Structure formats: C-alpha cells, structure tokens
1. If we keep just the residues of the range 77-90 that are outside any strand (DSSP E or B) and touching a helix residue (DSSP H, G or I) at 6+ places or on another chain (Cβ under 9 Å), which is farthest from Ser43 (Cα to Cα)?
2. For Glu70, work out the one condition from (1) touching a residue at least 12 places away in the same chain (Cβ under 8 Å); (2) out of contact with any Pro (no Cβ under 6 Å at 6 or more places or on another chain); (3) farther than 21 Å from Ala8 by Cβ it doesn't fulfil.
3. Test Ala59 against the criterion of being farther than 15 Å from Tyr3 by Cβ, in contact with an Asp or Glu (Cβ under 8 Å, 6 or more places away or on another chain) and either at pLDDT 90 or above or crowded, with 16+ Cβ neighbours inside 10 Å (or both), and give yes or no.
4. For the subset of the range 81-110 comprising residues that are hydrophobic (A, V, I, L, M, F, W, C) and under 10 Å from the mean Cα position of the chain (by Cα), which member is nearest to Ala39 (Cα to Cα)?
5. Look at the range 34-45 and say how many of its residues are surrounded by fewer than 15 Cβ atoms within 10 Å (Cβ to Cβ) and under 16 Å from Val11 (Cα atoms).
6. Select from the range 10-36 the residues that are in contact with a helix residue (DSSP H, G or I) (Cβ under 7 Å, 6 or more places away or on another chain), within 17 Å of Glu98 (Cβ to Cβ) and among the aliphatic types (A, V, I, L, M) and list them in ascending order.
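The values are calculated or read from the model by the stated rules, or taken from the named source; none is laboratory data. These numbers come from a predicted model, not from an experiment. So basically every Cβ, Gly included, is an ideal-geometry build from the backbone, and we count neighbours across all protein chains shown.
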Amino acid sequence: MAYDEALAARVRDELGATAGVTERRMFGGLGFMVGGHMAVAASSSGDLMVRADPADADAWIDGDDVRAMEMRGRPMTGWVLVTTAALTDDTALATWVERGVGYARSLPPK
C-alpha cells in the first residue's frame with residue numbers, strides 16, 4: 001500500500017522553505033528528512049509518524065490519537081504515531097511537524 005499522498009502534500013506545504021529538507025520513500029511511507037534524519041513520515045495507513053525525543057514521547061501518548069510507534073510488533077523508542085483524526089486542522093499538523101523537525105535538528109548531522 002502506498003503512503004497517504006494528501007497527508008504528504010500537507011506536510012510538504014507545512015515544511016515550506018525549511019532548509020535541509022529532503023524526501024525519501026521508506027517502509028511503505030514517505031519520510032521527510034532534516035539534516036539526514038527522518039523528522040516525520042506520511043504512512044500508508046494515513047497516520048503521521050513523528051520523531052520524538054524519547055524523554056518527551058511518553059508524555060505525548062494519549063492512547064487514542066497518539067500512540068507509541070511499533071514496527072513488526074516491536075516498540076520504536078523515540079517515535080509516535082499520530083492518527084488522521086488528530087490531524088484534521090493545519091494547526092495540529094504544524095504542531096506535530098514542528099516537534100519532529102525540532103528533534104531531528106537536535107541530532108548531529110549525517
């Protein structure tokens with residue numbers, strides 16, 4: 001299944017002229033990289049994968065709209081999955097994109 005193209009377009013618009021952003025297809029989704037690190041990704045399920053400081057990620061998880069990211073049944077520390085229901089308005093999307101970009105920028109360049 002392909003990634004959610006509408007979500008990818010919204011993320012692309014949100015990132016606008018953000019320096020150092022590249023796109024890469026991976027894991028059935030479209031990842032948005034900042035400084036060589038994935039910040040967010042439009043997934044095939046329509047949800048948004050967000051890179052998070054592991055110290056902050058647990059506080060963002062609400063069990064409904066935001067949950068811990070899992071891949072093949074294994075938790076992915078430092079990643080959360082935000083449902084489409086939580087991304088209906090541009091302000092909410094901007095918040096999550098900013099969180100992912102902020103953490104990606106904090107990592108050493110690749």
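1. Asp90
2. With (1) touching a residue at least 12 places away in the same chain (Cβ under 8 Å); (2) out of contact with any Pro (no Cβ under 6 Å at 6 or more places or on another chain); (3) farther than 21 Å from Ala8 by Cβ applied to Glu70, the lone miss is (1).
3. Taking the combined requirement at face value, the residue does not satisfy it.
4. Only one residue fits best here, namely Val101.
5. Counting residues in the range 34-45 that are surrounded by fewer than 15 Cβ atoms within 10 Å (Cβ to Cβ) and under 16 Å from Val11 (Cα atoms) gives 1.
6. Selection gives Val11, Leu15, Val21, Val34.
Results for (1) surrounded by fewer than 16 Cβ atoms within 10 Å (Cβ to Cβ); (2) modelled with pLDDT of 90 or more; (3) out of contact with any helix residue (DSSP H, G or I) (no Cβ under 8 Å at 6 or more places or on another chain), shown as yes or no for each residue.
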residue	(1), (2), (3)
Pro54	yes, yes, yes
Glu70	yes, no, yes
Pro75	yes, no, yes
Ala92	yes, yes, no
Val97	no, yes, no
Ala104	no, yes, yes
